[in-house]
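Shown next, in structure tokens, is the structure this report addresses.
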Amino acid sequence: MNVTFTDEELAFRDEVKSFFENDFPQDILEKQNRSVALSREDMVRWHKVMYRRGWAAPNWPTEYGGTGWSTVQKYIFADEQARANAPAFLPFGVSMVGPIIYTYGNDAQKQRFLPDILEFNTWWCQGYSEAGAGSDLASLKTRADLDGDHYVVNGSKTWTTLAQYADWIFCLVRTNTDVARRQEGISFLLIDMNSPGISIKPILLLDGEHEVNEVHFDNVRVPSENLVGEEGKGWTYGKVLLQHERTGIAGVSGSRYALQRLRKQAGKAVRGAEPLAGNPTFMRKLAATEVELKALEYTELRTLASVASGKAPGPESSILKIAGTELRQQVDSLCVEAAGYYALPYVRDQYTMDSPDSERIGEGAETNSSLTYFNNRKVSIFGGSNEIQKNIIAKHVLGL
Amino acid sequence: MDLSLNEMQLMLADSVEKFIANDYDFETRQKYAESRTGFSLPVWQTFAELGWTTVTIGEKDGGFGGGPVDLMVIMERLGRGLVVEPFLSNIVLAAGILGRAGSNEQKSRWLAAITGGELQAGLAFVEPSAGYEINSVQTTATRESGGWVLNGAKAYVLNGGSAEMILVPARTSGQRLERDGITLFAIDASSKGLTIRDYATVDGQRAAEILLDQVNVADDQVIGEVGKGFDSLNSAINDATLAVCAEAVGIMTVLTEKTIEYSKNRVQFGVPISSFQSLQHRMVDMYTACEQSRSLLMWAAMALADDSDEAERAVHSIKYQVGIAGKHIGEEAVQIHGGMGVTWELDVAHYFKRLTAIGIQFGNADWHLDRLAAMPG
């Protein structure tokens, strides 16, 4: 029983570490470290850097331009990415629609879409949730009716992340209402965001950011060649996709480095007579959170070791999403506590690169803590809320 | 990266599991627990015959040279069977200290007899006002006429009533909490001036309060160097902490399984209570707490095995986790079993009581969290 890496894996880790230290755009890391939001151009640029390095798709097989990395290599890469405080891959293209296209799409679709996803020439967004279809996703109502060689799409999607930047949207749509089970009439459709009849309405989140949108479809004509796989099988494909989303969602590395930064900050930030690190109540909470982090790390390693040895992930992997998101929220909450009054300024203009440090109210890491805390309330809601996750574990793992 | 058990560990696990399945059902356990000694000597001697008692003993001392991971494998299974035989006090504590600090002569006098199942032993690691501080030693050992004279009291000596030899930490120099100045003595239970008050504990085990009044001890009964007993005491307690945490993970696994099973069979309002979402989510929480504990346990076992820089942090972390998760799972298992959960008849209550005792042994959750909070990052 050991969690040591082989010499090859250690060499790989050095290579990744060196990449983030030397070859990754340092101005983007600087923005990350100063809690400055990345622009669309920033995001496209760094994804293209990854493409040129050959690392645009850690999870894809090599035949489609992926890295073909082992499970352990993917783990090491994600860990170094988080350690460098580099942004995470936008999941919609590379993690979500890409695998659906290369698994269920036809050759024409693979040739048309995969290279652009890899090179980040197209920005994708996800059209699943609707106003009346959240946790109960199968109740979705957006319709796609066949008219000659086109589908005509009508309805609305919501919570669509960064749709304002997107070139394409992948949607679950209803193609048949005359079915025994609601899940059977759902299809997986790729839609050009420039199609006539699509309109976007921003939704501001509680931190004031324009992160998500409503996307409305009014008689949008979509070529039937944009249907992925078989009509009526979209639910099955979408479920596979949600599983992709679920493993990535634990975010252990992100929480680990956030907690390490918090520990450093607690040693510096004086509260009253001494640094926060001298406050036993706070330090006990920090220590308890570190224990939870370690437990999650080893639960993830158990899953990793199982997959790396060619076995299926064990049942313990089912708890990663819940435990991971709860931990993330706990870390965020501690950061707010650590910031004290400095969690309160809501001065969004200061989170730009040309705002000099001397004119800032408080340090970015502190004043941004409450916005991060507010924003990350989403993590226990999206990708199947944690209550839905518990239903799934109860049914499929515990057999209840 | 490999988190699976090796061949020897799988055989060991299989051996313990088979024994419990065939020879150690709950009624049998209760019979042993309620006996005068609180365990079955023949069963203990079977453990020795099966080789379990020498798994963690060094090769030069006639054992298999196994480490913390092997200890974890045994203890988790003993936990599942709710076994009361004194593996912890004999093997992890007493043999653990003799193996670390005993001379060859002392090992041949006691160690082989303990692992052979012929000698019962214990370690007196708790004083009445020490709380969880093993370095809080007020029992004194004074130099007199070529030997030592011990005076003091110990509160909770596991297996103390059956023990024929008790290892007693006593202060030969220094102040109450000083690590320096603690010396370990191997004392014959029949020594003049030694009073042993054997008592039952809530978890179906037995312990003893001991009083030392002018107990004479010879030089060849000093284990290790005079005044330097703390390190081996501390190491044995760390192993014992890991051991009870592994036992707790075994118990938490059983309680979670039993609760799931019960909920599927218990019908109320015309349906199995497992169909109620409020209960489903609580059982998912039990399962999660159990698996997170298992993950930390593996970290701690590996950290102790490698003697890594993280070993101390890992032991504090797993004991804190087991304290919190054990209480949660134990209480929930009783609650979801309803009225049956609070009866003496059902095994669930006895698993719960053992978890509660483990929560206290070698420091409760708060004590370990305090240690973690005070550690540099």
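The values are calculated or read from the model by the stated rules, or taken from the named source; none is laboratory data. Predicted, not measured: the structure shown is a model, and the values here were computed from it. Every residue, glycine as well, gets a Cβ built from its backbone with ideal geometry; the counts of neighbours run over all protein chains shown. All accessible areas refer to the heavy atoms of the entire protein, side chains included, with ligands and DNA or RNA removed. Shrake-Rupley method; radii C 1.70, N 1.55, O 1.52, S 1.80 Å.
Taking region B:339-360 as the range and being surrounded by fewer than 23 Cβ atoms within 10 Å (Cβ to Cβ) and closer than 30 Å to residue A:280 by Cα as the test, the residues that pass are B:356, B:357, B:359, B:360. Does region B:287-294 contain any residue that is over 19 Å from residue A:293 (Cβ atoms), open to solvent by less than 10 Å² (accessible area, probe 1.4 Å) and within 9 Å of chain A (Cβ to nearest Cβ)? Within region B:287-294 (the criterion being over 19 Å from residue A:293 (Cβ atoms), open to solvent by less than 10 Å² (accessible area, probe 1.4 Å) and within 9 Å of chain A (Cβ to nearest Cβ)), the answer is no, since none of the residues qualifies. Filtering region A:195-236 to residues that are assigned to a loop (DSSP other than H, G, I, E, B) and open to solvent by less than 60 Å² (accessible area, probe 1.4 Å) leaves A:195, A:197, A:205, A:207, A:208, A:229, A:232.
Yes/no matrix, rows are residues, columns are (1) open to solvent by 40 Å² or more (accessible area, probe 1.4 Å); (2) within 14 Å of chain A (Cβ to nearest Cβ); (3) in contact with a Cys (Cβ under 7 Å, 6 or more places away or on another chain):
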residue: B:28; (1), (2), (3): no, no, no
residue: B:44; (1), (2), (3): no, no, no
residue: B:48; (1), (2), (3): no, no, no
residue: B:61; (1), (2), (3): yes, no, no
residue: B:76; (1), (2), (3): no, yes, no
residue: B:87; (1), (2), (3): no, no, no
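Could you tell me whether residue B:298 is assigned to a helix (DSSP H, G or I), within 9 Å of chain A (Cβ to nearest Cβ), in contact with a Phe, Trp or Tyr (Cβ under 8 Å, 6 or more places away or on another chain) and more than 20 Å from residue A:286 (Cβ to Cβ)? Yes. Scanning region B:34-89 for residues that are in a helix (DSSP H, G or I), over 28 Å from residue B:306 (Cβ atoms) and of a type in the set (D, E, K, R) yields one hit, B:49.
Out of curiosity, is residue B:282 open to solvent by 10 Å² or more (accessible area, probe 1.4 Å), more than 9 Å from chain A (Cβ to nearest Cβ) and in a helix (DSSP H, G or I)? Spelling it out, residue B:282 is indeed open to solvent by 10 Å² or more (accessible area, probe 1.4 Å), more than 9 Å from chain A (Cβ to nearest Cβ) and in a helix (DSSP H, G or I).
May I ask you to list the residues in region B:334-377 that are touching a residue at least 40 places away in the same chain (Cβ under 8 Å), over 26 Å from residue B:135 (Cα atoms) and either within 14 Å of chain A (Cβ to nearest Cβ) or hydroxyl-bearing (Ser, Thr, Tyr) (or both)? Once the filter is applied, which keeps residues that are touching a residue at least 40 places away in the same chain (Cβ under 8 Å), over 26 Å from residue B:135 (Cα atoms) and either within 14 Å of chain A (Cβ to nearest Cβ) or hydroxyl-bearing (Ser, Thr, Tyr) (or both), region B:334-377 yields B:336, B:351. Look at residue A:299 and say whether it is in a helix (DSSP H, G or I), open to solvent by 60 Å² or more (accessible area, probe 1.4 Å) and at the interface with another protein chain (Cβ under 10 Å from one of its Cβ atoms). Spelling it out, it is not the case that residue A:299 is in a helix (DSSP H, G or I), open to solvent by 60 Å² or more (accessible area, probe 1.4 Å) and at the interface with another protein chain (Cβ under 10 Å from one of its Cβ atoms). When each of A:24, A:92 is tested for being more than 14 Å from chain B (Cβ to nearest Cβ) and in contact with a Cys (Cβ under 6 Å, 6 or more places away or on another chain), the lone residue that passes is A:92.
Results for (1) over 27 Å from residue A:166 (Cα atoms); (2) buried (at least 19 other Cβ atoms within 10 Å of the Cβ); (3) assigned by TED's automatic domain parsing to the domain that holds residue A:367, shown as yes or no for each residue.
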residue: A:17; (1), (2), (3): yes, no, no
residue: A:26; (1), (2), (3): no, no, no
residue: A:39; (1), (2), (3): no, no, no
residue: A:49; (1), (2), (3): no, no, no
residue: A:55; (1), (2), (3): no, no, no
residue: A:66; (1), (2), (3): no, yes, no
residue: A:71; (1), (2), (3): yes, no, no
residue: A:81; (1), (2), (3): no, yes, no
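The lone criterion from (1) among the polar types (S, T, N, Q); (2) more than 14 Å from chain B (Cβ to nearest Cβ); (3) open to solvent by 50 Å² or more (accessible area, probe 1.4 Å) left unmet by residue A:2 is number (2). Answer with yes or no whether residue A:287 is part of a helix (DSSP H, G or I), at the interface with chain B (Cβ under 8 Å from one of its Cβ atoms) and either of a type outside the set (Asp, Glu) or without any contact (Cβ under 8 Å) to a residue 24 or more places away in the chain (or both). Against the criterion (part of a helix (DSSP H, G or I), at the interface with chain B (Cβ under 8 Å from one of its Cβ atoms) and either of a type outside the set (Asp, Glu) or without any contact (Cβ under 8 Å) to a residue 24 or more places away in the chain (or both)), residue A:287 qualifies.
Taking the criterion of being of a type in the set (D, E, K, R), out of contact with any helix residue (DSSP H, G or I) (no Cβ under 6 Å at 6 or more places or on another chain) and closer than 13 Å to residue A:36 by Cα, the residues of region A:327-380 that qualify are A:348, A:349, A:354, A:357, A:363. Entry remark, region A:166-179: residues being within 22 Å of residue A:379 (Cα to Cα) and not in a strand (DSSP E or B) number 1 in total. Take region B:9-26 and flag every residue that is assigned to a loop (DSSP other than H, G, I, E, B) and open to solvent by less than 30 Å² (accessible area, probe 1.4 Å). Residue satisfying the conditions is B:24 alone. Looking at residue A:191, is it crowded, with 18+ Cβ neighbours inside 10 Å and either among the small types (Gly, Ala, Ser) or more than 15 Å from residue A:219 (Cβ to Cβ) (or both)? When the stated conditions are applied, residue A:191 does not pass them. The helices (runs of 4 or more DSSP H) found wholly in region A:347-400 and carrying at least 2 residues that are more than 14 Å from chain B (Cβ to nearest Cβ) and modelled with pLDDT under 95 occupy A:364-367, A:369-375. A count restricted to region B:320-331 and to residues that are open to solvent by 30 Å² or more (accessible area, probe 1.4 Å) and more than 19 Å from the chain's Cα centre (by Cα) stands at 2.
When you look at residue A:323, is it in contact with a strand residue (DSSP E or B) (Cβ under 7 Å, 6 or more places away or on another chain) and facing chain B (nearest Cβ under 7 Å), yes or no? The answer is no for residue A:323.
Residue A:169 - would you say it is under 24 Å from the mean Cα position of the chain (by Cα), over 23 Å from residue A:39 (Cβ atoms), buried (at least 22 other Cβ atoms within 10 Å of the Cβ) and not assigned by TED's automatic domain parsing to the domain that holds residue A:67? Taking the combined requirement at face value, the residue does not satisfy it. Among the candidates B:22, B:6, the residue that is more than 14 Å from chain A (Cβ to nearest Cβ) and at pLDDT 95 or above is uniquely B:22.
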